[in-house]
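Notes follow once the structure below has been shown.
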Amino acid sequence: MAEPASAQTVPSPWPVVVRAVVLLTVIVGVLLTAFAWPAVRSSVHDVPIAVAGPAAATDQVVAALDQRMPGAFDITRVATAAEAEKLILDREIDGAIDLSTGKPQILTASAASASIAQTLQGVGTALSQAQATGAAPAVAVRDVVTLPADDPRGTGLAAAALPLVMGGMFAAILLTNLVKGRVRRIAGAFAFSITGGLLMTAILQLWLGSLDGDFFANTGAIALTMAATSLTILGLESLLGVAGFGIGAATMMLIGNPLSGNTSSPEMLPGWTGTLGQLMPPGAGGQLLRSTAFFDGHGITHSVIVLIAWLALGAALSLLGHHRSRRAAAPAQGATAEPATLATA
């Protein structure tokens, strides 16, 4: 028996199909641009390094670097290799060129950035070639802060960048759909950040061997990052509704994640984008985790401040959304109460 005409599905008009195709095309273009543009246009700029040694020797090297790689390095001059090494361990620089002993060497920190370490190794190769005509010794390379032996390329840490963002996003989405009450949602976001942080740290550190350092410090870094992400999206949803999800997800996924520098270095990203990325939870969280895992917590101040600021922003947005909902509900409650009063009268 044929279904009644009213029960049959009415096909969408062709203009609706066209709009859907156009929207999907724009989304694909935005996704590709967000992830491919920073990678393709990456270059070394303003990388903080030190040059150690006598003034005459350091002047010569600094001049050569400025000529061959203009703008690539932000150079600090120090007298000894020990000073340069301390700056590396304190996360104030990413490497150094040591000329203080008469035997030139390159100091790197692959745990801070394998890409920057590779760039500095190339500088060492260039110095060796420049000295090849004389009797000067070859330039040695010493990695001051290495990646773990179980993950010498930092693959696990780079792969964790996306789950850090997705974890916070999924927490906000699921909590909004499954949990009623803003306080309970916020409590759930914090609780998940702790349990998710414990699980991610256990996988990365105890199983894959991609992290060193204190287990609970690493857990705290991951938990703070996911909490900042999820609470921000919860706050946007509380204030703007479904549109808040879109704004929060797009901000974290299409801006924060590609510009985080977690797979390379903030100094490798185009122009000012690396600085912007460090002002967002994915970038700040990635640098915080490197500091706790490999540098005994040195250099965490900026990252912690950024993440706490996003937490505060999320809480403020949730509070504004709560007051807005109460103000919107007050007239409706008054309207329902008035007929009841008239009826009793």
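Below is a table of values for the structure above.
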| quantity | calculated |
| --- | --- |
| Residue in segment 192-204 that is closer than 24 Å to Leu320 by Cβ, out of contact with any Leu (no Cβ under 9 Å at 6 or more places or on another chain) and open to solvent by less than 30 Å² (accessible area, probe 1.4 Å) present | no |
| Any hit, segment 128-149, residues being part of a helix (DSSP H, G or I) and in contact (Cβ under 8 Å) with a residue 40 or more places away in the chain | yes |
| Of residues in segment 252-264 being outside any loop (DSSP other than H, G, I, E, B) and open to solvent by 40 Å² or more (accessible area, probe 1.4 Å), the one nearest to Ala309 (Cα to Cα) | Ile255 |
| Scan of segment 43-100 for residues that are more than 23 Å from Ala138 (Cβ to Cβ), open to solvent by less than 60 Å² (accessible area, probe 1.4 Å) and charged (D, E, K, R), ordered by number | Asp90, Arg91 |
| So Ala64, is it in a helix (DSSP H, G or I), small (Gly, Ala, Ser) and at pLDDT below 90 | yes |
| Cross-chain or 6+ apart pairs with Cβ under 9 Å, segment 29-46 first and under 9 Å from Met268 (Cα atoms) and free of Cβ contacts under 8 Å to residues at least 24 places away in the same chain, then open to solvent by 50 Å² or more (accessible area, probe 1.4 Å) and aromatic (Phe, Trp, Tyr) | none |
| Any hit, segment 160-181, residues being open to solvent by 50 Å² or more (accessible area, probe 1.4 Å), more than 22 Å from Leu317 (Cβ to Cβ) and not aromatic (Phe, Trp, Tyr) | yes |
| Per-region count, segment 79-105, residues among the hydrophobic types (A, V, I, L, M, F, W, C), in contact with a helix residue (DSSP H, G or I) (Cβ under 8 Å, 6 or more places away or on another chain) and in a loop (DSSP other than H, G, I, E, B) | 2 |
| Segment 211-239, residues that are over 17 Å from the mean Cα position of the chain (by Cα) and either free of Cβ contacts under 8 Å to residues at least 60 places away in the same chain or closer than 20 Å to Thr146 by Cα (or both) | Asp212, Gly213, Asp214, Phe215, Phe216, Ala217 |
| Output for segment 273-290, where each listed residue is surrounded by 24 or more Cβ atoms within 10 Å (Cβ to Cβ), among the small types (Gly, Ala, Ser) and either touching a Gly at 6+ places or on another chain (Cβ under 6 Å) or assigned to a loop (DSSP other than H, G, I, E, B) (or both) | Gly277, Gly283 |
| Residues that are charged (D, E, K, R) and more than 20 Å from Pro281 (Cβ to Cβ), drawn from segment 156-206 | Lys180, Arg182, Arg184 |
| Of the criteria (1) on the phi > 0 side of the Ramachandran plot; (2) assigned to a helix (DSSP H, G or I); (3) not acidic (Asp, Glu), which one Ala57 fails | (1) |
| Qualifying residue in segment 265-272 (condition: open to solvent by 40 Å² or more (accessible area, probe 1.4 Å), modelled with pLDDT of 95 or more, under 14 Å from the mean Cα position of the chain (by Cα) and over 15 Å from Leu164 (Cα atoms)) | no |
| Residue within segment 218-236 that is over 17 Å from Leu164 (Cβ atoms) and modelled with pLDDT of 95 or more present | no |
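The values are calculated or read from the model by the stated rules, or taken from the named source; none is laboratory data. Because the structure is a prediction, the values reported are computed rather than measured. Cβ atoms come from the backbone with ideal geometry, glycine included; neighbour counts cover every protein chain shown. With ligands, DNA and RNA removed, areas are computed over all heavy atoms of the protein, side chains included. Shrake-Rupley method; radii C 1.70, N 1.55, O 1.52, S 1.80 Å.
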